[in-house]
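The values are calculated or read from the model by the stated rules, or taken from the named source; none is laboratory data. Everything numeric here is computed off the predicted structure, so don't read it as measured data. Here the Cβ positions follow ideal geometry from the backbone for every residue, glycine too, while neighbour counts run over all protein chains shown. Accessible surface is based on the protein model in full, side chains and every heavy atom, while ligands, DNA and RNA are left aside. Shrake-Rupley method; radii C 1.70, N 1.55, O 1.52, S 1.80 Å.
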Amino acid sequence: VVNLETTLSKEAPFSGYPLFRSPSEVASSLANAGVDVAITANNHSLDSGVSGLVTTIDILEEHDIKSVGTYKDSIDYVNRNPLILNSKGVKIALLSYTYGTNGIPMPEEVGVNLIDTVQMKRDIAHSLAMGADCVISYLHWGAEYSHRPNREQRQIAQTLHRAGCQVVVGSHPHVVQDCQTIDSVPVVYSLGNAVSNMSAPNTQIELMADIRIVRRPNGDIEVLP
């Protein structure tokens, strides 16, 4: 699972900061690298408008990469939120949210999951009602270039834990932040950058979260950070 902080297109022009638009070959490279899921809820989700959001989802699907966090319409939202993954008899629900979209207004036609603790608690409850053994929430949050999670990040992590989320993973700061466990729930506040041409200190560093979810002989699910 990776955070895809760009939109994708099959046609030029392509662009970098502040409005990201990358060639569809990015999806091909991700698929060849073994990526199964792309997180698409981040502050650049709407960089190419409605068409860019929809095209990004479609290109990922063409390469058998699932996505979560952005939706082409209300039907797509119902079908893919939460994203349910089945692995070796364990049903995993994956949710994704962002703090915002860089001030770009949210069009009515499409959806981007925004950080809203009331809605996130509803989504977690819905995931569990759907039979999820484990709920993972991916948050695009925090202050850029800060190595410490802020108070809001810690409060949101606590809220998600109390709501029944078993794993919390974050992005956006572009540097690695602290990891901790809250009553055995692993929280990775920021993974840093897997791929980056940024010049700020420590933005060429990434953390890969290897979190194991196992079913014990008695049927219980255990998360091993």
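See the values below:
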| quantity | calculated |
| --- | --- |
| Projected area averaged over orientations for the stretch 172-225, convex hull of C-alpha atoms, nm² | 4.4 |
| Charge dipole of the stretch 102-190 about the Cα centre (unit charges at C-beta), most positive-ward option of Asn150, Ser190, His174 | Asn150 |
| Long-range tail of P(r) for the stretch 1-105 (Cα pairs > 21 Å, %) | 31 |
| Distance histogram in 10 Å bins (all Cα pairs of the chain, percent per bin) | 8, 34, 39, 17, 2, 0 |
| Spacing of the two label points (7 Å from each Cα toward its C-beta) at Arg148 and Ile75, in nm | 5.0 |
| With DNA, RNA and ligands ignored, accessible area of Val78 (1.4 Å probe; Å², nearest 10) | 110 |
| Cα-projected label distance for Gln158 with Tyr17, points at 7 Å along beta-carbon direction, nm | 3.3 |
| Residues with amide H under 5 Å from that of Ser67, placed H, sequence gap 5 or more | Ala38 |
| Order of exposure, largest accessible area first, which applies to Asp76, Asp133 with probe 1.4 Å | Asp133, Asp76 |
| Surface share of carbon and sulfur [accessible, 1.4 angstrom probe, percent] for the chain | 51 |
| Segment Gln119-Ala209, length gained on full extension (0.36 nm per residue, minus Cα span) | 29.9 nm |
| Per-peptide average of other Cβ atoms within 10 Å, ordering 19-25, 69-75 highest first | 69-75, 19-25 |
| Debye, to nearest 20: dipole size of the chain, +1 on Lys, Arg Cβ, -1 on Asp, Glu Cβ | 640 |
| Bridge type composition, the stretch 85-225 - antiparallel percent by DSSP, nearest 5 | 45 |
| Assigned charges on the beta-carbon of Lys, Arg, Asp, Glu; the stretch 114-175 dipole about Cα centre (debye) | 220 |
